[in-house]
1. Quick one: count up the residues across the stretch 103-112 that are surrounded by 14 or more Cβ atoms within 10 Å (Cβ to Cβ) and not in a helix (DSSP H, G or I).
2. Could you run through the stretch 115-172 and say how many residues are in a strand (DSSP E or B), under 16 Å from Lys27 (Cα atoms) and not hydrophobic (A, V, I, L, M, F, W, C)?
3. Could you please let me know if Asp102 is of a type outside the set (Val, Ile, Thr) and under 17 Å from Asn41 (Cα atoms)?
4. If you check every pair at least six apart or on different chains, which have Cβ atoms under 6 Å apart with a residue in the stretch 46-66 that is touching a residue at least 40 places away in the same chain (Cβ under 8 Å) and buried (at least 19 other Cβ atoms within 10 Å of the Cβ) first and a residue that is among the aliphatic types (A, V, I, L, M) and assigned to a helix (DSSP H, G or I) second?
5. Could you check Phe100 against (1) modelled with pLDDT of 95 or more; (2) out of contact with any helix residue (DSSP H, G or I) (no Cβ under 8 Å at 6 or more places or on another chain); (3) not acidic (Asp, Glu) and say which number it fails?
6. I need the full set of residues from the stretch 87-102 which are more than 16 Å from the chain's Cα centre (by Cα) and either in a strand (DSSP E or B) or not charged (D, E, K, R) (or both), in order please.
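The values are calculated or read from the model by the stated rules, or taken from the named source; none is laboratory data. Values in this document were obtained by computation on a predicted structure and should not be read as measured data. Counting neighbours? That spans all protein chains shown, and the Cβs are built from the backbone with ideal geometry, glycine included.
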Amino acid sequence: MTLWLYAALFLGFLVQEGPISGSFLGKAPPELASEKGNWINSTDKLTFEGLKGKVVWIEFGYLKCSSCLEMKPTLARWHRQFADKGLVVIDIDYGFEDTFDDVKKHAVEKGAKYAILWDKEGKNSSAYDIQGFPIGYLIGVDGKVIWEGVPGRKVQEIEKRIEAELEKVEKK
């Protein structure tokens, strides 16, 4: 991608409020397309069907995206703070921009413990009609999207929604 395209994508998301292109609010999101070998920090190929009853945060990004990198400490904190209460964090890396080895190296260097899916051929980004990065989706215990958008300045709002939705997770 050229620099002007990155700038256009970034500026487009600065002004965006409300639903995003290809909105899934109130609906079940597309199932994740993946191969077992494309996961980091997960021994299993995660599916929304298998995660029903949990709260799921998925975020699309890539390593050369500064706004995406700024969110990674938040993803790590959410994983540490809420995983034992029922939150599953999945970071989906845009495979056309990064290699699997670079994504894995970054995860190891930063001590990331949450699940990372290397979207090798961009199948997930296409299914979600991702127009820019980062984009996040909060999926409730019922498997439907309850928040979507650019997470950067909305972290506190998202966190409140995570906490409220975690109250609905069945305690075992």
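1. 1
2. Number satisfying all stated conditions: 4.
3. yes
4. Pairs found: Val55/Leu166.
5. Result: Phe100 fails condition (2) only.
6. Phe96, Thr99, Phe100
Rundown of residues vs (1) at pLDDT 95 or above; (2) not in a loop (DSSP other than H, G, I, E, B), yes/no style:
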| site | (1), (2) |
| --- | --- |
| Ile20 | no, no |
| Ala28 | yes, no |
| Glu31 | yes, no |
| Lys45 | no, no |
| Glu49 | no, yes |
| Val56 | yes, yes |
| Phe60 | yes, yes |
| Leu63 | yes, no |
| Glu70 | yes, yes |
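Residues checked against (1) under 20 Å from Ile135 (Cβ atoms); (2) in contact with a Leu (Cβ under 8 Å, 6 or more places away or on another chain); (3) touching a residue at least 24 places away in the same chain (Cβ under 8 Å); (4) surrounded by 17 or more Cβ atoms within 10 Å (Cβ to Cβ):
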site	(1), (2), (3), (4)
Ser23	yes, no, yes, no
Asp44	no, no, no, no
Lys85	no, yes, yes, no
Glu97	yes, yes, yes, yes
Tyr114	yes, yes, yes, yes
